[in-house]
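The values are calculated or read from the model by the stated rules, or taken from the named source; none is laboratory data. Here the structure is a predicted model, which is why all the values come from computation and not from measurement. When we count neighbours, we look across all protein chains shown, and the Cβ atoms used for this are built from the backbone with ideal geometry, even at glycine. Ligands, DNA and RNA are stripped out before the accessible areas are found, and what is left, the full protein with its side chains, is counted by its heavy atoms. Shrake-Rupley method; radii C 1.70, N 1.55, O 1.52, S 1.80 Å.
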Amino acid sequence: MSLHTAQGRRKYLTPDERARFIAVAGRQPPEILTLCLVLAWTGCRVSEALALTHADLDRAGGIVSLHSLKKRRTGIVRDVPVPDGVMAILDLVHDLEPSERRLWPIVRSTAWQQVKAVMREAGVGASAASPKGLRHGFGVHALRSGVPLTLLQRWLGHASLSTTAIYADVLGAEEREIAARMW
């Protein structure tokens, strides 16, 4: 697994692209906005976001409980904290009374199309312009922000730390920024 294509292009959003994506998402219909925010601030997979119910959101704790869909057994849940503003928007748009009702009753392909449209409008580079690019961007953003690799591993639901370690493999401005913290 790599954060770059075979041609060396990035498969993750840069900090500027991430900020533009979130800004453009803010101009979308409320349901698209909330889907985009959950993807950007939790690093979850599209299918994990679409499986979220009202009962998976802890408003008081600011926690999104994601049910891992890649594990061989059910019942694997990881709790990811989100900014207060994200939880407030989720509450406002989805009326978060605990229930088993899904937040976004759409199919995966529709969610992909909606996210890709927001990315196009935000001018996100082609190789990074996907929900997976948001997941990778979350991982890079977390490490750039000083989140320990083991905590990021838990948030992303990786079984192996070596899988999470790819997020430390950044190039260009991101690498320089990380190095600058040592200077």
Go through segment 117-147 and count every residue that is closer than 18 Å to Gly43 by Cβ and open to solvent by 50 Å² or more (accessible area, probe 1.4 Å). 4
Just the residues that are open to solvent by 60 Å² or more (accessible area, probe 1.4 Å) and either closer than 12 Å to Leu134 by Cα or of a type in the set (Lys, Arg) (or both), please, taken from segment 1-11. Arg9, Arg10, Lys11
If you check every pair at least six apart or on different chains, which have Cβ atoms under 6 Å apart with a residue in segment 150-169 that is assigned to a loop (DSSP other than H, G, I, E, B) first and a residue that is aliphatic (A, V, I, L, M) and open to solvent by less than 50 Å² (accessible area, probe 1.4 Å) second? Asp169/Leu3
Among the candidates Ile76, Ile63, single out the residue that is over 16 Å from the mean Cα position of the chain (by Cα), more than 14 Å from Phe138 (Cβ to Cβ), surrounded by fewer than 20 Cβ atoms within 10 Å (Cβ to Cβ) and of a type in the set (A, V, I, L, M, F, W, C). Ile76
Considering only segment 12-42, state which residues are in contact with a helix residue (DSSP H, G or I) (Cβ under 8 Å, 6 or more places away or on another chain), farther than 14 Å from Glu121 by Cβ and surrounded by fewer than 19 Cβ atoms within 10 Å (Cβ to Cβ). Pro15, Pro30, Glu31
Which residues, taken from segment 79-105, are open to solvent by 20 Å² or more (accessible area, probe 1.4 Å) and within 15 Å of the chain's Cα centre (by Cα)? Asp79, Pro81, Pro83
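For Gln114, indicate whether it is of a type in the set (S, T, N, Q), open to solvent by 40 Å² or more (accessible area, probe 1.4 Å), touching a residue at least 24 places away in the same chain (Cβ under 8 Å) and assigned to a helix (DSSP H, G or I).
yes
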Tell me which residues, restricted to segment 126-139, are at pLDDT 90 or above and of a type in the set (A, V, I, L, M, F, W, C). Leu134, Phe138
